[in-house]
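Bear in mind these aren't lab numbers, they're just calculated from the coordinates by the rules spelled out. Please read these numbers as outputs of a predicted model, since none were measured by experiment. All Cβ positions, glycine included, derive from the backbone under ideal geometry; neighbour counts span all protein chains shown.
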Amino acid sequence: MRQAIFESDNLQVVKVPGRPGGPVFVTFEPMLNVREPARHGFGEAFFDKRGHTAYHVMCRANDWYQYPEMQAAVAQIRADIPQATRVVAYGSSMGGYAALRFSSWLGADTVIALSPQASIDPARAGWEKRWAPDNPALVWDRLAPRREATCYVVYDPYNTDRRHVELLRREVAIVPLYSYFSDHHVTEYVQESGLLEALILGAARGDFDAPTWQAELWRRRSAISYYRNLRPRKCRGLLRRLRYGLIERVLDLRYMRFASPYRLPAISPEPVARGE
């Protein structure tokens with residue numbers, strides 16, 4: 001039964017119990033234009049359908065979780081999770097930022113961060129002009145990600161997000177996964193490819209084959225609308241056309257060696273991203 005285990009003026013943490021055993025997921029929602037009071041948590045329907053226990057952290061506004069009660073909220077989640085349970089922190093964009101920043105308090109074994117930000121501090125990321133928090137406080141901006149966790153970071157290396165990843169690499173070892181030509185729409189890009197489930201559940205189990213998954217995502221790019229829409233923009237001008245044409249040729253050669261009898265199954269895209 002869905003239940004709120006923590007509530008304040010700024011936060012609500014909802015627990016959706018699943019089958020006993022197996023990994024437990026803690027999700028953080030991304031920036032939202034509208035926050036309906038009765039909304040589901042990030043990926044809630046996905047985890048519930050598959051019988052996985054999940055805790056969904058939902059915030060009052062696009063404040064990047066810079067609330068003083070975050071420590072108490074995460075402590076409540078951690079106290080509710082049985083010892084020796086694998087914990088996976090999961091989020092996209094602002095939620096990916098939170099999944100990384102609060103991974104130590106959670107004792108997370110795995111972090112899955114899709115196009116995350118490393119910092120909202122202008123002193124550290126003054127070049128970031130795309131978003132600004134509704135609340136400019138920087139309560140938890142320098143919390144270090146858990147070094148013992150396996151951190152999967154999915155991003156477009158030809159987008160401003162790469163600068164955030166460069167900052168993150170100074171704090172923690174990451175496993176980079178590239179959604180080439182997705183821009184910041186990484187969650188939707190990977191979801192549309194049909195490979196988001198393989199990433200989430202494989203990483204949670206600890207048997208995720210990153211190189212093969214990466215090669216498969218590249219092979220499926222032409223079926224992804226975000227790739228089809230963004231790629232033509234890279235062809236404007238002769239030099240850009242030559243540059244990105246060469247890049248794609250190099251990537252084709254790089255991932256060709258993974259064209260083996262093993263294939264990840266085609267997975268029908270589901271509303272994993274927002275749990276609708």
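Before moving on, here are some points about what is shown:
- Helix 238-256 axis, angle to the chain major axis (alpha carbon atoms, nearest 10°): 70 degrees
- With both labels modelled 7 Å from their Cα along Cα-to-Cβ, the residue 235 to residue 38 distance reads 4.7 nm.
- Annotation: aspartates and glutamates with alpha-carbon distance below 20 angstrom to residue 15 (same-chain offsets under eight excluded): 7, 29, 36, 44, 48, 69, 80, 109, 276.
- In this structure, the amide hydrogen of residue 175, modeled 1.01 Å from its nitrogen in the peptide plane, lies closer than 5 angstrom to those of 151, 152, 153, counting only residues at least 5 positions away or on a different chain.
- Loop sites in the range 120-218: trypsin sites (Lys or Arg not before Pro), DSSP, at most 14 other Cβ within 10 Å: 129, 130, 142, 147, 170
- Beta bridges by DSSP in the range 3-211, antiparallel share as percent, to the nearest 5: 30 percent
- Charge sum, other residues only, whose C-beta stays under 12 Å from residue 122's C-beta, Lys/Arg counted +1 and Asp/Glu -1: -1
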